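Here is the structure we will look at.
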Amino acid sequence: MKKIVLWGLLVVTIAGVALFVFQEPLKQGAYNSVTENMFVTADDDAFDPGPAVGSLFPGVRATYQGRDINLINEFYGSKGTVFVAVRSAQWCPYCMKQMTQLQEYKHQFDAAGIALVAMTYDDPSLQNAFVSKWGIEYPLLHDVETLTFKTLGILNAEQQPGERGYGIPYPGMIVINTDGVVVGKLFLEGYSVRVDAPSSLAFAQQVLGLEMKAGAGGSAGRP
């Protein structure tokens, strides 16, 4: 009986160690599976939340690296800016994949003079962990008390106070010119789809009136 108990403990220990060792690869594999077909090349639906095209991008209530942020002007690119509204960098696999893909294409946005600025409702410590893990080089801001997403008109109305998802936005992008005017938006109704980075860049260049680089892709949506 004693041997059986010892063998049982050994099996449990080995299983626990294996779970710990392979937990991250298994989780990443699951994420890769569910996000395999998440990217599209165009915003072709009628879903259109957020500030009107032609309006000024409003002030924000956010933090970044321990600082209070009231305007995102300090992050503007020389030709324009793409503000990325993200559900979560902690638990949303579609968001995480989108953000890492944007990082892969950041040099092309930089070459076009277009800055990337992202925002989530996640606690800054969780944001920092994601940034460090994936080498994210563009600013990731924390929305304080959901005030920015509310002001922008993109707070997800399906989530209620007290629920884990309360504070998430409808995911999408808002293109802003150097005068702070909204010139285009990319929002898809399905939470599990995103316009891919090269198409988003091409769209931003189009609505900002910039000459597109060869190979940048076609139009991703409508201004």
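Quick check: residue separation of SER78 and SER132 times 0.36 nm, minus the Cα distance between them. What number comes out in nm?
Result for the pair: 16.8 nm of gain on full extension.
How long is segment 34-132 along each principal axis, judged by its Cα atoms, biggest number first, in Å?
Projected onto the principal axes, the Cα atoms of segment 34-132 cover 36, 34, 29 Å.
Starting at the first residue of segment 159-174, write each ³J(HN,Hα) from the Karplus equation 6.51 cos²θ - 1.76 cosθ + 1.60 with θ = phi - 60°, in whole Hz, x for Gly and Pro.
9, 10, x, x, 7, 4, x, 5, x, 6, x, 5, x, x, 10, 10
Report D for segment 39-207 in µm² per second (integer): Stokes-Einstein, Kirkwood Rh on Cα pairs, 4 °C, 1.567 mPa s.
The diffusion coefficient I find is 82 µm²/s.
Give the cross-link partners of LYS79 among the aspartates and glutamates, using a straight C-alpha distance below 15 Å as the criterion and excluding same-chain residues fewer than 8 apart.
ASP110, ASP179, GLU211
Can you list the HN-Hα couplings for segment 129-134, worked out from phi with the Karplus curve (6.51, -1.76, 1.60; θ = phi - 60°), rounded to whole Hz and with x for Gly and Pro?
5, 5, 4, 5, 5, 9
No lab work stands behind these numbers, since they all come straight from the coordinates. In this text the structure is predicted, and so the values were computed from the model without any measurement.
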